[in-house]
Each structure stands twice: as C-alpha cells, then as structure tokens.
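Encoded as structure tokens, the structure appears first; notes follow it.
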Amino acid sequence: MPNFEPVLSRNWSVADSHTLKVYESRGGYRSARKALTELDPDKVVTIVKDSELRGRGGAGFPCGMKWGFLPKDRKQTLMCINADESEPATFNNRILMEKDPHQLIEGIVLGCFATRATTAYLYIRFEYIHAFRVLEAAIAEARAAGHLGKNIYGSGFDLEIWVHRGAGAYICGEETGLIESLEGKRGWPRIKPPFPAVDGAFHHPTVVNNVETLCCVPHIIERGADWFKSIGTPKSYGPKLYCVSGHVNKQTCVELPLGVTCRELIDVHGGGVWKGRKAKAAVPGGISMGLLSASELDTPLDFESLRKPGCLGLGTAAVTVIDDHTPIIDYLYNTSRFFAHESCGQCTPCREGTGWMYKTIKRIKAGGGRIEDLDQMATFANNLGIMPGTTICGLADGAAWPVKNAIAKFRTELEAYIRANQNPAHAVKPIQTAIAQGRVVDLSALALSAGSVAALSSNDLLSDGSSHAR
Ligand SMILES: Cc1cc2nc3c(=O)[nH]c(=O)nc-3n(C[C@H](O)[C@H](O)[C@H](O)COP(=O)(O)O)c2cc1C
Ligand code: SF4
C-alpha cells in the first residue's frame with residue numbers, strides 16, 4: 001500500500017501511549033479544541049457526513065447520517081459508546097482502548113459536541129478489565145486537564161463520560177440490547193422502530209457508536225473529509241483495523257486501507273498459514289459474517305465486496321484462518337454452539353432455531369448425520385433472521401450465515417464426513433421408538449398435523465435421549 005500512513009494505531013508503539021502527556025505531545029486534542037472553539041456542531045456533522053465514514057461496529061451504517069437522524073427539537077441527547085466487542089476473534093477495540101484511550105476520548109468529545117450530547121456512557125465488555133482501568137485513569141486525566149467536564153475550552157460545552165461494565169453477554173453488543181442493559185434491565189434487544197436516535201437510553205434520543213468509528217473522527221476533523229475519502233475503495237473509505245487470528249503464524253491487529261484482500265492479510269500480515277499448511281477457508285469479519293473458501297481469498301475486505309462470495313458483509317473485519325487439516329464440521333460445531341448459547345431467547349425462530357441447528361450439527365459430528373440434514377439446515381438458515389423479517393435483531397442472521405456458507409461451499413466434504421462417520425449409537429431413531437421409550441409425548445395424540453410430526457421425527461430426536469426443549 002504505497003503512501004498509506006496509519007493514524008488509528010500511530011501511537012501504539014510509543015512508550016506510555018496511554019497517557020495524556022504522550023497523547024498531547026503527538027498532537028492529541030487539537031481537533032477537539034479546534035471544533036469546540038472554531039466550528040459549530042452542525043459543521044462537525046457535515047464534515048463527518050462528507051467523509052462518508054461508515055460505522056466500524058459491524059453494520060457499516062454511515063456515521064454522519066446517523067447523527068443527522070436525531071430530532072431537531074430534542075431537549076437532551078445521550079451518546080453510548082459500544083465497547084462490548086464480543087464478536088469472536090475481534091480485538092481491535094480492546095487495543096484502541098488499552099493503547100490510546102485519549103484518541104477515543106477525543107472522538108467521544110467530538111461526537112458528543114456534534115450531536116449536542118452532554119452525557120456519554122461507555123459500555124465496556126466485562127472481560128476487558130485492563131482496558132476498563134486504563135480508560136478510568138485516562139478519563140480522570142482528561143477531566144483534570146479540561147478536556148472533559150464543564151465549559152470545555154471555554155466553549156460553553158459540558159460533557160461527562162461514565163464507564164459502564166457489561167456482564168458478559170454477546171447480545172449486549174446489539175445497540176438496543178446495550179441500552180436495555182445500561183438501564184439495568186436484561187439485555188433484550190428492542191423492536192425497531194423506534195430507533196435509538198428517537199427513543200433510546202432512558203427514553204432520550206441516543207446515538208450508539210462503536211469505539212473505532214469514534215476514533216476515526218479526530219483524524220477526519222484534523223485532515224478533512226477529502227483526506228479520508230482518498231483512502232480505501234469506492235463506497236468504503238478510510239483506514240480500518242483488521243484482526244488476524246486462527247491458524248496463522250502471527251496473530252495480529254493491523255491498520256490498512258479498507259479493501260485489502262483476505263489473502264494479503266493472511267500471507268503478509270499474518271505470516272502465512274501455520275505449520276506450512278494451506279488455508280481451507282477463512283472467516284472474513286467475525287463468525288456472523290460466514291465463510292470464504294480458499295478460492296475466494298482474493299476478495300477485498302470492504303463494505304461492498306463480500307456480498308459476491310455470499311457472505312453477510314464486512315462485520316468487524318476480524319479474519320480467522322481455518323487450515324486444511326480442520327474439518328468444516330468442527331467449525332460449524334463451534335459457531336452453532338456459540339449462537340445457541342448467546343441467543344437471548346425472545347424470538348422463537350432464533351431461540352429454537354439456533355438450538356436446533358446446534359443439536360443437528362452435534363449429531364452429525366458424533367456420527368448420526370444424514371444427507372438430508374444438510375438440506376434441512378440450509379432451508380432453515382435461509383428463513384431465519386432480520387433479513388427475511390422473522391426476528392428482532394441480527395444475531396439470528398449471524399447464526400444462519402456460517403451454516404448457509406459452509407453447506408453451500410463445503411457440501412462435498414460434509415457429505416463425505418456423514419458417510420464416513422456413521423455411528424449407529426447416534427443415529428436418528430424413528431419417532432415411534434422414542435414414544436415407545438417414553439422419551440417424548442405422542443404428538444399425534446395431541447392432534448398435530450402429520451407434517452409437524454414428520455418434521456419433528458426427522459429433525460429433532462436424538463438417540464442420546466436429549467429432547468428439543470431447552
Ligand atoms: C448480535 C449483535 C452483536 C453486536 N455486537 C456489537 C459489538 O460488540 N460492538 C459494536 O460496536 N457493535 C455491535 N453490534 C452492532 C451494533 O448493534 C451497532 O450497529 C453499532 O454499535 C453501531 O455503531 P457504529 O455505527 O459506529 O458501527 C452488534 C450487533 C448485533 C446484531
Ligand atoms: S434474534 Fe435472537 S438474539 Fe435477537 S432478539 Fe431475537 S432471540 Fe434475541
């Protein structure tokens with residue numbers, strides 16, 4: 001990448017990069033001072049809109065447009081900074097907070113000034129204890145130095161940041177699950193609309209932004225929208241922090257222009273596939289985005305290109321490499337177990353579907369698979385999620401994509417696995433056997449349709465005695 005200058009990670013290798021002294025000595029808080037003393041909030045929104053900065057938290061929604069959705073006549077605005085970062089293999093937010101917390105605080109000051117929010121809640125993943133401590137110290141330093149608090153830089157703008165620790169649930173990264181949790185309730189996503197911009201935390205208009213999204217803002221204010229748009233690919237502008245993990249020689253988090261290929265990330269930045277092996281597949285952006293096969297590794301990792309190989313999107317841009325010694329059934333087993341565990345349970349298709357997919361995959365792995373299981377899972381995965389409109393939030397889409405992609409791209413391997421690993425102990429028993437053994441009620445006696453009974457008999461009953469109920 002000729003002439004690419006990393007900005008988000010520029011301080012990471014500097015000693016004591018987490019301190020205010022180092023941050024200020026490297027030009028830190030210049031953008032915040034400039035915006036608060038020379039620009040009005042709407043101008044900041046316009047600059048961010050012009051940069052076409054898209055959210056880095058997974059959905060890729062344009063940041064300036066989101067800020068523009070706030071009602072004009074609002075009395076109070078809140079900002080929530082999403083630092084829940086629970087997508088497996090994603091760790092760029094953690095490094096941003098641990099290595100350069102003042103960059104994030106400056107981004108928060110700018111985001112809050114632009115949206116006229118005077119209170120910001122930073123919702124941080126429970127396990128990020130070190131990042132939490134670093135942030136608490138950095139916020140105290142920033143407050144003492146007048147970057148936070150009352151009448152910042154004499155501009156008349158006040159801002160307080162409160163750090164709120166989550167309790168360890170993936171679903172609290174979903175913006176409305178996060179808001180519910182922040183309010184002290186169970187982290188159940190809300191039906192939208194109303195969107196948080198209109199009715200968010202404590203019923204106030206609320207902006208939810210990811211850590212990395214806000215870290216881009218000081219650089220956009222300092223260098224301008226055109227600079228930002230000069231990096232990346234058409235429709236996917238700016239620098240991006242890519243995580244690389246799994247079966248690579250070097251697990252890393254590296255800043256590159258949006259649109260780098262998955263192959264470059266693995267071979268150049270990840271040091272190649274470990275143990276001299278080849279890549280069988282790679283997860284492009286967190287497990288909810290699906291799977292790229294080896295022949296698709298030249299796909300650019302940006303907001304547009306991942307649709308072509310059938311993935312959900314860029315997600316968190318966290319690449320996980322799967323080597324050619326790893327059975328795809330193991331990948332499916334781990335992903336489906338994760339989603340079945342993390343589903344919040346509000347929506348029937350997600351609650352039951354993630355559990356059913358996990359059990360079916362577990363049965364296949366144990367040697368009780370049938371070829372038709374693959375068709376049933378693919379059909380089910382295609383009918384699950386926000387995309388077909390059956391669930392409240394996107395967790396269900398994320399649960400479906402690995403299944404859809406793995407069956408479409410690795411069907412031959414999965415069929416061969418099913419044929420080669422038949423274990424009668426785990427085979428599906430006819431429903432009559434299960435009824436006779438007293439393991440399930442006789443559904444036909446409850447006057448259910450023949451179709452329902454047939455579906456249950458073929459999908460659901462495991463010879464190990466587990467039932468469908470969770
Ligand atoms: C199940 C689920 C989990 C999510 N987890 C996160 C997360 O950990 N961090 C994050 O920033 N966004 C997460 N999101 C996306 C958020 O809902 C939201 O789009 C994002 O925080 C908005 O910030 P951005 O526009 O700056 O990207 C998740 C979404 C879903 C459906
Ligand atoms: S889709 Fe799943 S995780 Fe999301 S609200 Fe519904 S049940 Fe909960």
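The values are calculated or read from the model by the stated rules, or taken from the named source; none is laboratory data. On a predicted model such as this, the values are computed, not experimentally measured, just so you know. When we count neighbours, we look across all protein chains shown, and the Cβ atoms used for this are built from the backbone with ideal geometry, even at glycine.
Tabulated values for the structure
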| item | result |
| --- | --- |
| Of residues in region 353-379 being touching a Ser or Thr at 6+ places or on another chain (Cβ under 9 Å) and surrounded by fewer than 19 Cβ atoms within 10 Å (Cβ to Cβ), the one nearest to Pro424 (Cα to Cα) | Arg370 |
| Within region 301-352, considering residues that are in contact (Cβ under 8 Å) with a residue 60 or more places away in the chain, touching a helix residue (DSSP H, G or I) at 6+ places or on another chain (Cβ under 8 Å) and aromatic (Phe, Trp, Tyr), the one nearest to ligand 2 (Cβ to nearest atom) | Phe339 |
| Check on Gly286, touching a Pro at 6+ places or on another chain (Cβ under 7 Å), under 18 Å from Glu85 (Cα atoms) and either crowded, with 21+ Cβ neighbours inside 10 Å or in the same structural domain as Glu85 (by TED's automatic domain parsing) (or both) | yes |
| Among residues of region 419-436, those that are part of a helix (DSSP H, G or I) and in contact with a helix residue (DSSP H, G or I) (Cβ under 6 Å, 6 or more places away or on another chain), counted | 2 |
| Sole residue being at pLDDT 95 or above, within 26 Å of Gly173 (Cα to Cα) and part of a strand (DSSP E or B), chosen from Thr320, Thr316 | Thr320 |
| Residue satisfying condition, being in the same structural domain as Leu104 (by TED's automatic domain parsing) and farther than 14 Å from Ile108 by Cβ, within set Arg190, Arg143 | Arg190 |
| Any chance Gly64 is assigned to a loop (DSSP other than H, G, I, E, B) and either in the same structural domain as Asn209 (by TED's automatic domain parsing) or under 25 Å from Glu87 (Cα atoms) (or both) | no |
| Filter result for Gly355 (small (Gly, Ala, Ser), farther than 19 Å from Ala279 by Cβ, within 16 Å of ligand 1 (Cβ to nearest atom) and in contact (Cβ under 8 Å) with a residue 24 or more places away in the chain) | no |
| Single residue of Ala83, Ala35, Ala59, Ala89 found to be within 16 Å of ligand 2 (Cβ to nearest atom) and outside the structural domain of Leu314 (by TED's automatic domain parsing) | Ala59 |
| Members of region 53-74 that are among the charged types (D, E, K, R) and free of Cβ contacts under 8 Å to residues at least 24 places away in the same chain | Lys72, Asp73 |
| Tabulated pairs, region 75-86, first near ligand 1 (Cβ under 6 Å from one of its atoms), second assigned to a strand (DSSP E or B), C-beta under 7 angstrom, 6+ apart or interchain | Asn82/Tyr123; Asn82/Val208; Asn82/Asn209; Asn82/Asn210; Asp84/Tyr123 |
| Strands (runs of 3 or more DSSP E) (entirely within region 236-303) containing at least 1 residues that are farther than 24 Å from Gly57 by Cα | 279-283 |
| Region 1-48 - residue that is closer than 30 Å to Leu265 by Cβ and small (Gly, Ala, Ser) and, of those, surrounded by the fewest Cβ atoms within 10 Å (Cβ to Cβ) | Ala15 |
| Near pairs, Cβ below 6 angstrom, 6+ apart or cross-chain, from region 178-194 (touching a residue at least 40 places away in the same chain (Cβ under 8 Å) and of a type in the set (Val, Ile, Thr)) to any residue that is away from ligand 2 (no atom under 14 Å from the Cβ) and part of a loop (DSSP other than H, G, I, E, B) | Ile179/Gly200 |
| Residues of region 143-176 satisfying the condition of being of a type in the set (S, T, N, Q) and under 31 Å from the mean Cα position of the chain (by Cα) | Thr176 |
| Yes/no for Ala131 being in a helix (DSSP H, G or I), touching a Lys or Arg at 6+ places or on another chain (Cβ under 9 Å) and touching a residue at least 24 places away in the same chain (Cβ under 8 Å) | yes |
| Any hit, region 103-121, residues being more than 29 Å from Glu38 (Cα to Cα) and among the hydrophobic types (A, V, I, L, M, F, W, C) | no |
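Residue by residue, here is whether (1) part of a helix (DSSP H, G or I); (2) among the hydrophobic types (A, V, I, L, M, F, W, C); (3) in contact with a Gly (Cβ under 6 Å, 6 or more places away or on another chain) holds:
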{"residue": "Gly310", "(1), (2), (3)": "no, no, no"}
{"residue": "Tyr331", "(1), (2), (3)": "yes, no, no"}
{"residue": "Arg363", "(1), (2), (3)": "yes, no, no"}
{"residue": "Met377", "(1), (2), (3)": "yes, yes, no"}
{"residue": "Ile386", "(1), (2), (3)": "no, yes, yes"}
{"residue": "Ala399", "(1), (2), (3)": "yes, yes, no"}
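Condition check ((1) closer than 18 Å to Glu352 by Cα; (2) within 16 Å of ligand 1 (Cβ to nearest atom)) across all residues:
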| site | (1), (2) |
| --- | --- |
| Asp373 | yes, no |
| Leu384 | yes, yes |
| Thr390 | yes, yes |
| Cys393 | yes, yes |
| Ala396 | yes, yes |
| Pro402 | yes, yes |
| Leu414 | no, no |
| Ala427 | no, no |
